[in-house]
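S.K.: Quick one: structure below, then a few questions.
Any read-out appearing in this document is the output of simple, stated calculations on the displayed coordinates, not a laboratory observation. None of the values given here were measured: they were computed from a predicted structure. Neighbour counts run over all protein chains shown; Cβ positions are idealised from the backbone, glycine included.
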Amino acid sequence: MDFENNFVKPVIVMSACLDGDRVRYNGEILHNELVEKLKNFVDIMKVCPEIGIGLGVPRDPIKIYQTEAGYRIYQTKTGLDFTEKMKDFSSRFLDGLKDVDGFILKGKSPSCGASGTKIYRDKNAKDIVRMGMGLFDQYVKERFPLKPIEDELRLKNDEIRHHFLTKVFAFAQMRNLEKNTHSISQLIEFHTKYKYLLMLYNQSKMIQLGKIVAGYRKGNIERTVSDYAGIFYTAFERKPGIKKQINVIQHIYGYFSHRLSPAEKKHFLSLLKKYQSEKIPLITLLELLKSFAFRFDVKYLMAQRYFSPYPDQLYE
Ligand code: SF4
């Protein structure tokens, strides 16, 4: 047996320009390495909100500015305000989304920007009041508050990318389970696989989820899965820190500690200390734990999503 690496394909909504579509205001074509890699593992649904509101390519740029009544988008050169059109387009597009597990939106854009968008003081101002989000992205966040939303700039950061992919893949597996569960054994298997990942993200929700599984009454599978999903989606809100990682690592280490030689134990504990003081990356410890799992043939651990929250090929 090897570590679990089968996944349901997540659905990711993506700014069309990130996938090489010629939709940018200046006609520029972008290439993104992560998007290219993701294509083999996720279903991508592309959207360009500015094309959606009827703008062409090339076009005069628009800007986002603040008012007391909220944000507006405006094309300085033509004097046209596109706020209502963007609102209508976003409602229609987001209403039509049935299965979606996450969003990758173009950073800094007045429409898509998931972060780093310049918010101007008023429609004619040249100075900005803050960096924020684009208008379309704001509607996405309102409609899908629990879904992972990132931009291509933040996803260059290893930790942010890891957290994003972990969530997107976990949500897709959960969504699939909601649609295709016919027996409690499927939910038990799911919960078992996610045990340590849930412990990492939110231990109290892991316990709540365990109680839902244990409280199953015959003939009530749909209700049980729906209750489970409702909590599962909220368990991944915060990116876990080193302390939580160490807690999980120590739990897993408990499977082998009594079978290791004193020298192996010493080596493990010294690596743990180095990880704690941020001198080595997490992967060093995970690989060591995985090698112990192989050696002692602990299938329960090999099935844990904690070790493979998303396909290995997306790790680099
Ligand atoms: S950032 Fe969004 S609105 Fe702008 S070109 Fe890309 S997809 Fe279109």
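S.K.: So which of Lys85/Lys126; Lys179/Lys243; Lys85/Lys118; Lys63/Lys243; Lys147/Lys243 end up more than 32 Å apart by C-alpha?
M.R.: Violating the 32 Å Cα-Cα cut-off are Lys179/Lys243; Lys63/Lys243.
S.K.: May I ask you to list the residues of the range 110-132 whose amide nitrogen lies under 15 Å from a point 7 Å from Cα along the Cα→beta-carbon direction of Asp60?
M.R.: 123-125
S.K.: Checking understanding here: applying a Kyte-Doolittle mean of at least -0.5 and a length along the axis of at least 15 Å (C-alpha), which whole DSSP H helices in the chain pass?
M.R.: 203-214, 221-232, 242-253, 282-295
S.K.: GNM, the chain, Cα, under 10 Å: largest mean-square fluctuation among Arg24, Arg92, Arg154?
M.R.: Arg92
S.K.: Further, regarding this structure: What distance in nm lies between label points placed 7 Å from Cα along the C-beta direction at Ser291 and Glu33?
M.R.: Once both label points are built, they end up 2.7 nm from each other.
S.K.: Could I ask something else about it? Quick check: Cα centre of the range 92-141 to Cα centre of the range 239-316, how many Å?
M.R.: Result: 39 Å between the Cα centres.
S.K.: What does the charge count around Gln138 come to, taking other residues whose C-beta lies under 13 Å from its C-beta (Lys +1, Arg +1, Asp -1, Glu -1)?
M.R.: Residues near Gln138 contribute +2 overall.
S.K.: Would you look at the GNM of the chain, springs on alpha carbons closer than 10 Å, and say which of Met14, Met45, Met133 moves the most?
M.R.: Comparing Met14, Met45, Met133 in a Gaussian network model of the chain, the most mobile one is Met45.
S.K.: Pick from Leu282, Leu80, Leu209: which is most flexible by mean-square fluctuation in a GNM of the chain where alpha carbon atoms under 10 Å apart are linked?
M.R.: Leu80
S.K.: If the cut-off is 19 Å between C-alpha atoms, which aspartates and glutamates fall inside it for Lys299, apart from same-chain ones fewer than 8 positions away?
M.R.: Output for Lys299: Asp2, Glu4, Glu189, Glu287, Asp312.
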